[in-house]
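Down below is the structure, laid out as C-alpha cells.
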Amino acid sequence: MGKTSLRLGFMNSENLFSPGESFYGSEYTSDQYKEKVEWIGKRVADLRVHVCAFTEIGEDPNTCLKDVMKVVNREDTKTRPPFSHTFLAEPSKVGAKIRVAIMSRFPLSEMESIVQYPAGFSVDLHKPGTDEDNASNWITVPSTEYSRPVGKATVTPPNNATPFNLFVVHLKSKRPTKAKHDNYNEAIGIARAAIRRNLEAAALRYYLDTFLPAQYQQDPKVPTILVGDFNDVPNSVPIENIRGPFDKDPGPSSTWSEPDKRRLLSCARLHMKKAAYDDKLFSYVHNESFTLIDQAFVTEHLPGRFTRLEVYNDHVFRHQSIKEGTEQEQQWKSMVTDHGILVLELTRMLKP
C-alpha cells in the first residue's frame, strides 16, 4: 500500500446486536458478543483500511459500532489517525432493526439516511390484456421505501485531499417473502423478494440520475463510491440497473458525455481486467453456488486510480462444512460473519 493509497472496506457483520437483544428469535450472550466484536475488530485492523462500511449493525449502534472501533484502535499499532468518526443510518422498520453504518479515520459530513424512494419514482405495470399507454391501463406496484435505508456521507481525507461521496446499500435479499394466504408458497415468496430487490435498485438508480450530474456540476473533481450487500451478482438485472447508462465511447476523458456523468463502474469488472479469476471472486454461498453479492462501484473519476479489489472469504468457505441448523453452526455464526469482506484500494487519493 502506497502512502497516497486509500483502502476502503465493506463488511456485512451478520446481525451484530448487543447481548440480550433479540433478533430473528435469537440473541447473543455476553461472551458470544465479545467474541464477535473481537473477530470483526481484528479483521478490520488486519485489512489496514482507512474507512469501513457495514451492514447489519444492530439495535444500539452507539454500543455495537463503538465496541468494534475500540478493538480496531487497540489492534492497530501503525502511526496513522485512529478511527473516531461514525455514521449510522436509520434502521429497518420491519424485522430485526438492522442498519448500514460507516466507521472512518477521516471526518464525515453531509450524512443522510435515504428511507423513501425519490419523489416522482414509482413502477407500474400494464393490466393483463392491455398494451395501450392509457393511465387506466396501468397498476402501480405499492412500494415506497427501502427495506433497509441507504446510507450516504461525504468523507474528507486530511491535508486538503479531495473528498468523496460514499453510499452504503443493503438491498432486499433472495430469502422468500412468504405469506399465510398463499400457504407460504416458496415460488411466490421468491418472486416477491425479486420484485422488491429490483424496485430498490431502480429507485437508487433514479436517485443517482439526479445526484451524480448535480455533483459533477457542483464540483467535477469529487468522486462517488457505492458499496454494500446487493444480494445479487454483478451481471444481474438489479445490478446492471444501478450501474446506469453507458456511452459507446466511455470516459474518462476531458469532456464527459451525459451518460458518463450518471454511470458507475463495477470494481469487480475492473479487477477482473487485471486478474481474471472469476471463479475465485466470491463473497457468499447461496444454494451451493459461490456468488459475489457484496460489491463496490465507482464513478468515472476512479478507474485510473483503481489498484485492486480484495475479497477475504476463507471464513465463508470453511463455514460450508458445518451442517445447517446445528449448535455448531450457531456458534460459528455468533463469532464471525457468513459474508466475505471487501477491500477497495485506490491510489493517489491521499496526501502524505
Subject >> Enumeration of residues in the range 134-164 that are of a type in the set (Gly, Ala, Ser) and not in a strand (DSSP E or B) >> reply: ALA135, SER136, SER143, ALA161
Original post:
When you go through SER30, SER13 one by one, which is the residue that is hydroxyl-bearing (Ser, Thr, Tyr) and in contact (Cβ under 8 Å) with a residue 40 or more places away in the chain?
Top reply: SER13
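Restricting attention to the range 110-124, and to residues there that are of a type in the set (Ser, Thr, Tyr) and assigned to a loop (DSSP other than H, G, I, E, B), which single residue is surrounded by the most Cβ atoms within 10 Å (Cβ to Cβ)?
Taking the range 110-124 first, the residues of a type in the set (Ser, Thr, Tyr) are 113, 117, 122.
Checking which are assigned to a loop (DSSP other than H, G, I, E, B) leaves us with 117, 122.
Numbers: TYR117: 20, SER122: 16.
Selected residue: TYR117.
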**OP:** State which residue is modelled with the highest pLDDT when the search covers only the range 111-146 and only residues that are touching a Ser or Thr at 6+ places or on another chain (Cβ under 6 Å) and hydroxyl-bearing (Ser, Thr, Tyr).
**Re:** TYR117
Original post:
For LEU204, are the conditions met, namely being touching a Leu at 6+ places or on another chain (Cβ under 9 Å) and either free of Cβ contacts under 8 Å to residues at least 40 places away in the same chain or over 27 Å from GLY340 (Cβ atoms) (or both)?
Top reply: no
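Looking only at residues that are of a type in the set (Lys, Arg), touching a residue at least 40 places away in the same chain (Cβ under 8 Å) and in contact with an Asp or Glu (Cβ under 8 Å, 6 or more places away or on another chain) in the range 141-181, which one is farthest from SER109 (Cα to Cα)?
At the first step, the residues of the range 141-181 found to be of a type in the set (Lys, Arg) are 148, 152, 172, 174-175, 178, 180.
Still in the running and touching a residue at least 40 places away in the same chain (Cβ under 8 Å): 148, 152, 172, 174.
Add one more test, that the residue is in contact with an Asp or Glu (Cβ under 8 Å, 6 or more places away or on another chain), and what stays is 152, 172, 174.
Working: LYS152: 9, LYS172: 27, LYS174: 33 Å.
Selected residue: LYS174.
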Original post:
Hey, does the range 67-86 have a residue that's buried (at least 21 other Cβ atoms within 10 Å of the Cβ), within 18 Å of the chain's Cα centre (by Cα) and under 16 Å from LEU16 (Cα atoms)?
Top reply: no
Original post:
Restricting attention to the range 1-36, which residues are aromatic (Phe, Trp, Tyr) and either surrounded by 13 or more Cβ atoms within 10 Å (Cβ to Cβ) or modelled with pLDDT of 90 or more (or both)?
Top reply: PHE10, PHE17, PHE23, TYR28, TYR33
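Going by the structure shown, is LYS127 surrounded by fewer than 20 Cβ atoms within 10 Å (Cβ to Cβ) and either farther than 17 Å from SER92 by Cβ or of a type in the set (Phe, Trp, Tyr) (or both)? If you could, list the steps in order and put the result at the bottom.
Values: surrounded by fewer than 20 Cβ atoms within 10 Å (Cβ to Cβ): yes; either farther than 17 Å from SER92 by Cβ or of a type in the set (Phe, Trp, Tyr) (or both): yes.
Criteria met by LYS127.
The values are calculated or read from the model by the stated rules, or taken from the named source; none is laboratory data. Quantities reported herein were computed from a predicted structural model and do not represent experimental measurements. Cβ: placed from backbone, ideal geometry, glycine included. Neighbour counts: every protein chain shown.
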